[in-house]
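All remarks here apply to the structure that follows.
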Amino acid sequence: MSPVLQKLVDEIAKLPGLGKKSAMRLALHILKLPEPEARALAESILQVKQRLHLCSRCGNLTEVELCVICADPRRESGLLCIVESPQEILRLEKATGYRGVYHVLGGVLSPLDGVGPEDLRVAELWKRFETEVFREVILALNPTADGDATSHYLLRELKQRKIPATRLARGVPIGAELEHVDEVTLARALAERTRVDDER
Ligand SMILES: [Zn+2]
């Protein structure tokens, strides 16, 4: 195979969920694209890398210092929802009428994969408590084993700080990733979030 094509296949195959076969199919598809379209694709990849970064407050994706949610004075700043990734923010915004603010952890604790609190935006979370006042913290992590362990860890820390905490109601099927939960279920899970004082 041509070395440049091989290189493209190798790069695409590094993306999650794509094997060598799919990578080859996509590479051949890109090869067939008119040049302006191929250029637009390459440029969008560069632009998200160059322009997007994490909101300095919550960790959401933004092109400026603060994301649109943190910068919006109409959001209820005393209500904080903790999520794994910016993708969850998009889903909660679309599916629910949530008007509070967010904090993106950037993953969940995973001892088996060597992911500890220092690998997540946990220090940034506690730093926020120094300057912001939260009347309620909502844990909206995925109900997987690692997500649950992370929720428990955060609940213990929140309890020490005497911050009332809730988490999404278990309308979310056990083990289901929020990504696969329909919007009605997600909206209900947020509305019926439960106090978790007893669990910690
Ligand atoms: Zn933000």
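Coordinate-derived values only; no laboratory data. Not measured: the values here are computed from a predicted model. Using ideal geometry, Cβ is built from the backbone for each residue, glycine included, and neighbour counts are taken over all protein chains shown.
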message = Can you compute the charge dipole magnitude of region 37-157 about its Cα centre, using +1 on each Lys and Arg Cβ and -1 on each Asp and Glu Cβ, nothing else charged? Give it in debye, rounded to the nearest 20.
response = 360
message = So if the hydrodynamic radius of the chain is defined as the Kirkwood radius over C-alpha pairs, what does Stokes-Einstein give as its diffusion coefficient at 25 °C and 0.890 mPa s, in µm² per second?
response = 129
inquiry  = If the reach is capped at under 21 angstrom between alpha carbons, list the lysines near LYS20, excluding any in the same chain fewer than eight residues apart.
reply    = LYS7, LYS32
Residues VAL4, VAL68, VAL104, sorted so that the one with the fewest Cβ neighbours within 10 Å comes first = VAL4, VAL68, VAL104
query = Which pairs in the list LYS94/LYS127; LYS21/LYS49; LYS14/LYS49; LYS127/LYS162 are over 24 Å apart, alpha-carbon to alpha-carbon?
reply = LYS94/LYS127; LYS21/LYS49
note = If unit charges are put on Cβ atoms (+1 for Lys and Arg, -1 for Asp and Glu) and the dipole of region 75-200 is taken about its Cα centre, the option from VAL137, SER85, ALA95 lying farthest towards the positive end turns out to be VAL137
request  = Taking the Cα centre of region 3-51 as origin, sum charge times position over the Cβ atoms of Lys and Arg (+1) and Asp and Glu (-1), and report the length of that vector in debye to the nearest 20.
outcome  = 180
key: Range of Cα positions in region 103-178 per principal axis (Å), largest first   = 34, 30, 19
remark   = A correct fewest-to-most ranking of ASP146, ASP119 by other Cβ atoms within 10 Å would be ASP119, ASP146
note = Mean Cβ-within-10 Å packing, highest first, puts peptides 7-18, 88-99 in the order 88-99, 7-18
inquiry  = Give me LYS21, LYS159 sorted ascending by neighbouring Cβ count inside 10 Å, so fewest comes first.
reply    = LYS21, LYS159
query = Over region 71-199, what relative contact order in percent results from Cα pairs under 8 Å that are six or more residues apart?
reply = 26
